[in-house]
Amino acid sequence: PESNDPNTVVQNFPYRLDMSYKWLQAHDAASKEIWITEDGYSTCTGCGALGVSEEEQARRLIRLNVIAMGAPGVTNFTYFQLKDKFNAGPSDLWGNMGIMRNDLSEKPAYVAYRVLTGHLLNATFIGFGPLQRYLDDPEVEEIWINDPSRVERVVRGRGRDAVAVWKIVSAAPGPAPL
């Protein structure tokens with residue numbers, strides 16, 4: 001969701017949120033809420049680069065939620081979707097978007113969502129951590145911070161702080177050393 005390539009802004013979730021908020025500001029509507037009602041990733045196995053593994057879907061679900069928590073104006077984030085639909089086969093892109101399989105068994109993303117909401121329900125974004133510093137260059141969007149491959153968010157919920165850190169290594173799923 002956070003491509004390092006500025007030519008792929010459609011796939012850059014923080015960029016899209018930032019542009020949405022700037023549009024509201026430009027139209028004297030900065031006090032309006034931003035609701036994200038459908039975002040997610042397919043576990044389609046026959047869709048090439050459009051599909052991700054179930055484990056990557058779970059990692060991205062957490063990232064999307066934490067990024068949305070820290071975006072100005074965002075008050076709602078709804079993941080698309082709960083259950084794979086239409087008893088779709090493994091090569092159906094939209095039919096494999098769910099965090100539960102057609103047989104209602106849980107994908108790793110379902111477990112990730114349960115843990116995420118258990119820890120961060122009603123949490124509040126309180127800022128960026130020390131790994132992520134702003135640039136003082138007015139020509140650079142603030143969303144591209146210091147090292148755009150390293151992202152850190154700090155949220156406060158249930159009386160304690162939680163830090164979410166990830167590193168973008170490549171488009172391919174796999175471990176990312178910090």
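The values are calculated or read from the model by the stated rules, or taken from the named source; none is laboratory data. From a predicted model like this one, the values you see are computed outputs, not experimental measurements. Neighbour counts are summed over all protein chains in view; Cβ atoms, including those assigned to glycine, are modelled from backbone coordinates with ideal geometry. Each accessible area value is taken on the protein alone, full model and side chains, heavy atoms only, with ligands, DNA and RNA left out. Shrake-Rupley method; radii C 1.70, N 1.55, O 1.52, S 1.80 Å.
The table that follows gives values for the structure above.
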read-out: Subset of the stretch 47-69 that is touching a residue at least 24 places away in the same chain (Cβ under 8 Å) and exposed (fewer than 14 other Cβ atoms within 10 Å of the Cβ) - its residue that is farthest from the chain's Cα centre (by Cα); value: A49
read-out: Any hit, the stretch 114-121, residues being more than 16 Å from the chain's Cα centre (by Cα) and in contact (Cβ under 8 Å) with a residue 40 or more places away in the chain; value: yes
read-out: T75 being of a type in the set (V, I, T) and in contact with a Gly (Cβ under 7 Å, 6 or more places away or on another chain); value: no
read-out: Output for the stretch 26-63, where each listed residue is among the aliphatic types (A, V, I, L, M) and at pLDDT below 90; value: A49, L50, I62
read-out: Subset of the stretch 70-128 [assigned to a helix (DSSP H, G or I), among the small types (G, A, S) and open to solvent by 40 Å² or more (accessible area, probe 1.4 Å)]; value: none
